[in-house]
Amino acid sequence: MGVRFISYLYEILDDELNCPFNSWITWHYTQGMGRKRGFSPRHDDILMFNMSDQFTFNLDAVRVPQKYYRSRNNMRGANPGDVWEFSHVHYCQKNRQSHPTQKPEALIERMVLASSDEGDLVLDPFVGSGTTPRVCQQLGRRFLGFEINPDYVALAQERLGAEFSGFDGVDPRMARVPKDMRDPELRRAYLEKHPEWFLKNHEGCLDLFEKRVLELYGE
Ligand SMILES: C[S@@+](CC[C@H](N)C(=O)[O-])C[C@H]1O[C@@H](n2cnc3c(N)ncnc32)[C@H](O)[C@@H]1O
C-alpha cells in the first residue's frame, strides 16, 4: 500500500480482525515521481500479519549474502531485514506489461518463498498485470486471484504462457561476494553454493557475480 491508507489497514487487521502482527516492511525504490513542495515518494509499505501463531516462515529461502566472512556469521546468508530495495519494472524491460502499477517479480517472489511451501495455495485479490500468478507458476505454488478489469485478466493470462527466463528485478545484495574469505577451501565451498542459494531464477546476475569474484579473489 501507498502511505495514505496503511494506518487504517493496520487498525483493521490488528483491532478488528485480531490477526497477530508480524512485520512492517518498507519497499524502497530509487526512481519515481518528483515533488516540488514535499519529499518525492520512494517507498511503499507492506504489512505482514499472520492468521494465527502457527504460520510458515522459510527464512533459508529468502536469505541474502553476507557482506563479510566471519566465523560467527551464518554464511548461508543473513535475514533480508524489513527494508527491501527493488527497482520498478522499467518501460524498456522485456517483461514490462501495460499496467500502471506492475510490481517487480522479485518483490513478490520474496513474499511467496517466505510464507508458503511448494503446492500451497496463494491468494491475490488484486491481480493486475499478473505478477503474483506468474511468480507462483514458477515457484510451484497453486494460485487463486481476482481482477475486476477484464483487459488485465487477459494480460495476466497471456503472461502465464510467456517463456520464462528469470524473474524481473533483483535485490542488489544478491550478487555481492563476501569479503575476507581468505581460506581457499572455504572460499571454493562458499562460491560454489552462492548461485544455488541466492541466484536461482536470477541467472542473469551470474555474470555480475563472477565479475565480482574475479575482482575480489582473482579466480
Ligand atoms: C495495484 S494493482 C495490482 C498490481 C499487481 N500486483 C501487479 O503487479 O500488476 C490493483 C489491481 O486491482 C484491481 N482491482 C481494483 N478493485 C478491485 C476489486 N474490487 N476486485 C478485483 N480487482 C480489483 C485493479 O483493476 C488493479 O488492476
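The values are calculated or read from the model by the stated rules, or taken from the named source; none is laboratory data. None of the values given here were measured: they were computed from a predicted structure. Here Cβ is always computed from backbone atoms with ideal geometry, including for glycine, and neighbour counts include all displayed protein chains. Note: areas computed on protein heavy atoms with side chains; ligands, DNA, RNA excluded. Shrake-Rupley method; radii C 1.70, N 1.55, O 1.52, S 1.80 Å.
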(message) Could you check segment 1-43 and list, in sequence order, the residues that are out of contact with any Ser or Thr (no Cβ under 8 Å at 6 or more places or on another chain) and charged (D, E, K, R)?
(response) 4, 11, 14, 15, 16, 35, 36, 37
(message) What pairs come out if I take residues in segment 31-49 that are among the polar types (S, T, N, Q) and pair them with residues that are part of a loop (DSSP other than H, G, I, E, B) whose C-beta lies under 9 Å away, six or more apart or interchain?
(response) 31/42; 31/87; 31/88; 31/90; 40/32; 40/33; 40/34
(request) Kindly list the number of the only condition in (1) among the acidic types (Asp, Glu); (2) in contact with a helix residue (DSSP H, G or I) (Cβ under 9 Å, 6 or more places away or on another chain); (3) without any contact (Cβ under 8 Å) to a residue 40 or more places away in the chain that fails for residue 215. (result) (2)
(message) So in segment 28-82, with the set limited to residues that are among the hydroxyl-bearing types (Ser, Thr, Tyr) and under 25 Å from residue 120 (Cα atoms), which one is farthest from the chain's Cα centre (by Cα)?
(response) 52
(request) Look through segment 132-146, keep the residues that are in contact with an Asp or Glu (Cβ under 9 Å, 6 or more places away or on another chain) and open to solvent by 50 Å² or more (accessible area, probe 1.4 Å), and return whichever of them is farthest from residue 113 (Cα to Cα). (result) 146
(request) Would you mention how many residues in segment 1-12 are surrounded by 10 or more Cβ atoms within 10 Å (Cβ to Cβ) and closer than 22 Å to residue 107 by Cα? (result) 8
(request) Test residue 89 against the criterion of being touching a residue at least 40 places away in the same chain (Cβ under 8 Å), within 12 Å of the ligand (Cβ to nearest atom) and not assigned by TED's automatic domain parsing to the domain that holds residue 180, and give yes or no. (result) yes
(message) Testing residue 36 on (1) open to solvent by 90 Å² or more (accessible area, probe 1.4 Å); (2) closer than 30 Å to residue 193 by Cβ, one condition comes back false. Which one is that?
(response) (2)
(message) I'd like the full set of residues that are in a helix (DSSP H, G or I) and loosely packed, with under 13 Cβ neighbours inside 10 Å, limited to segment 161-187.
(response) 184, 185
(request) Taking residue 120 as the residue in question, decide whether it is away from the ligand (no atom under 16 Å from the Cβ) and either crowded, with 16+ Cβ neighbours inside 10 Å or among the aromatic types (Phe, Trp, Tyr) (or both). (result) no
(request) Would you mind finding the one in 147, 163, 219 that is over 19 Å from residue 84 (Cβ atoms), among the acidic types (Asp, Glu) and at pLDDT below 95? (result) 219
